[in-house]
1. Hey, can you tell me all the residues within segment A:58-71 that are surrounded by fewer than 19 Cβ atoms within 10 Å (Cβ to Cβ) and closer than 18 Å to A:Trp326 by Cβ?
2. Restricting attention to segment B:302-342, report how many residues are within 24 Å of the chain's Cα centre (by Cα) and charged (D, E, K, R).
3. Checking A:Ser313 against (1) touching an Asp or Glu at 6+ places or on another chain (Cβ under 8 Å); (2) away from chain B (no Cβ under 14 Å), which single condition isn't satisfied?
4. In segment A:136-165, what residues are part of a loop (DSSP other than H, G, I, E, B) and either within 23 Å of A:Leu47 (Cβ to Cβ) or within 22 Å of the chain's Cα centre (by Cα) (or both)?
5. Does B:Gln237 qualify as being surrounded by fewer than 20 Cβ atoms within 10 Å (Cβ to Cβ) and either in contact (Cβ under 8 Å) with a residue 12 or more places away in the chain or in contact with a His (Cβ under 6 Å, 6 or more places away or on another chain) (or both)?
6. Of the conditions (1) closer than 30 Å to A:Phe31 by Cβ; (2) touching a residue at least 60 places away in the same chain (Cβ under 8 Å); (3) surrounded by fewer than 20 Cβ atoms within 10 Å (Cβ to Cβ), A:Arg320 fails just one. Which one is it?
7. Inside segment B:123-147, can you point out the residues that are among the aliphatic types (A, V, I, L, M) and part of a helix (DSSP H, G or I)?
8. Looking at segment B:245-255, is at least one residue touching a residue at least 12 places away in the same chain (Cβ under 8 Å), surrounded by 20 or more Cβ atoms within 10 Å (Cβ to Cβ) and among the aliphatic types (A, V, I, L, M)?
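The values are calculated or read from the model by the stated rules, or taken from the named source; none is laboratory data. No experiment lies behind these values; they were computed from the predicted model shown. In this analysis, Cβ positions are derived from the backbone assuming ideal geometry, glycine residues included, and neighbour counts consider all displayed protein chains.
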Amino acid sequence: MTAISPTLGRVSGNFQRPDVASQWQLMWWRFKRHRMAVIGLSVLGLLLFISVFAEFIAPYSPLQRSKTYLGGEPMPIHFVDSQGGFHPRPFVYARVNKRDPVTLRLLPAVDQQKMWPIELFVRGDTYKLWGLIESDLHLFGVKEGFVHFFGTDYLGRDQFSRTMYATRVSMSVGIVGVTVSFILGTIIGGIAGYFGGLADLLIMRLIEFIRSIPTLPLWLALSAALPRDWTSLQVYVAITILLALIGWTHLARTVRSKLLALREEEFVIAARLSGCSDARLIGRHLLPSFLSFLIVDLTIAFPEVLLAETSLSFLGLGLREPAESWGVLLYAAQNIRSIAHMPWLLIPGIFVIVAALAFNFIGDGMRDAADPYAK
Amino acid sequence: MTALLEIEDLRVHFPIKSGATFGRVTGHVRAVDGVSIDIRRGETLGLVGESGSGKTTLGRAVLRVVEPTDGRMTLHLDGRDVDIRALDRRGLRRIWRHMQLIFQDPYASLNPRMTVRDIIGESLLVNGIARGADLEARVVDIVRRCGLDAEHLGRYPHAFSGGQRQRISIARALVMRPEFIVCDEPISALDVSIQAQVLNLLKTLQEDLGLTYLFIAHDLAAVAYACDRVAVMYLGQIVELADTRDLYYTPKHPYTEALMSAIPVADPDAALRPVLLPGERPDPSNPPPGCRFHTRCRYADAKCRAEMPTLAPIGEGHRVACHYASVLKLAGAREHADKLANAPASARI
């Protein structure tokens, strides 16, 4: 369709085309006016960046233990030292282990006399970025001592690094889960809505059945069915697919109802009369008419999958150690002793909340932007 | 003139279901109930009737956009006889190159997300008729014939007025050079001034491209202007079929008479006194026995209530479904107009 004859190309060359904004442009303009949605989009961008470059951003490998800093509290960054002197290079105070005079336990203590400056692009643990590029370059780190922004867990693993790796896993479970749901929902909902009749009847009853099962027991049952001797990668893939297998129903309903409404539209009948195949009719005429609704649904479905994964892992039924996901990290913060002694173990929870909120705000903004009747 | 399309005893019944999913069929809406009609090559056949009489359903059933329940439809294409009802999906796609539809609503019938070029060229592309420069040339040609500017092909439908959109719709229907067009109230959604333009355009295109039209409308003045023959539909059946002149001036069916009396006159003082039909149009899922029209006909008697009249010839090319067609003295459009013109001033307003 894009091929233009030379003659016509010349005609349209002389013709001053008025600036007509496409639908996506209009949507983007309206979206930009939604402040929270724009913030949500930036946060999402940051999270995605972290997911892609987790090895590079994390100063340590997620399994490396800091044997002298077990269950250590977060180390704040300083620019100003205790004497009031300003340091252009940020630093953390050094830690020394002191023996508690009562319990005789070795406890880390802040040594304000000594500073460990934080440097950018330091060499550290070697890793393989995306399993391909071998490197030992990290975004930041210290040459002397150690740095743990989010503290360490009871084994001395760097909570910050683990959270970065967990971001990758949790985000990818969400994205892959939503994508698989989207594909399933579009195809199954499309069949129901476009062909109607018996197919529609069966599919809708199936959806009602799936949705009538309480979600948590269903997840539990399905994840309990996963063999315990699977590697964490296998479990990860299985959990993702499992969440998608339940998540498609909502999207399928949206697709079906939109198709049912659009199927009888005159422009669709006209396209049929023009000789369009079913695939072209759906892909070219029907889907574009409600794609914006679908995208909104997707952004709202994302936190659901994210929270589902987190809940499952938190209950110990989803991903398991040594894999990292936000839910796995939160699993460590399950008992009151951990929370009382190491409240920083809850930091991954903030990531969950922020990610879910970001997606909800984006969804809000997109819904408003896609609504042609919005002011 | 030879017949292009022969329709025999066409029926379209829509099932009425009780309940949403497991409902049983409790009856049928007889939208089209036994229509037989020939459409001659090169003519414009008007199809008039009130809302719900089955005009649109008949038009769509001919194209199999709506599936007919019963009957035969034969299209005569250069020596071949095509049984339209026997076609499978592939056959339908092929026959749609020869028969197309122009819609009533110029807003709903164009995909708002496609450019005019894509809308018009789509059928050529998907049917593998033309592509690239050839496709462009054909699109430009038909667009010019339809009175549109080829420079505007890259625009989206929302940039056009109703009349222009209807021209786009016409161009889309004609780009494959079909022989037969069903015009489903093509002008009823347009301004009066634009209506005339579109009617003239349809006429010009008919002469240039040798088209045959089935022209569905309820505007009797437009039908009189555009059509060679007119069929009057009532409750899913054709009650009268004649040359336009005969039908308007010497109607033979009481329903046609009532329609003719309702043609407005361009005189603000003239008090229109149409033949008022008592009662309501009966429910098409439960049509009355005998003549479908007897519940509202002022001439009806016992025979009409018991026996259904057939569409029988009464004169040269004039067919009517009324037991008393040869007896009744009915007033045509001219008498009604005269009555209005000669009414005393006191009777006006």
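1. Of everything in segment A:58-71, just one residue is surrounded by fewer than 19 Cβ atoms within 10 Å (Cβ to Cβ) and closer than 18 Å to A:Trp326 by Cβ, namely A:Leu63.
2. Of the residues in that region, 3 qualify.
3. (1)
4. The answer is A:Val147, A:His148, A:Phe149, A:Phe150, A:Gly151, A:Asp153.
5. Answer is no for this residue.
6. With respect to (1) closer than 30 Å to A:Phe31 by Cβ; (2) touching a residue at least 60 places away in the same chain (Cβ under 8 Å); (3) surrounded by fewer than 20 Cβ atoms within 10 Å (Cβ to Cβ), A:Arg320 is out only on (1).
7. Selection gives B:Leu124, B:Leu125, B:Val126, B:Ala133, B:Leu135, B:Ala137, B:Val139, B:Val140, B:Ile142, B:Val143.
8. yes
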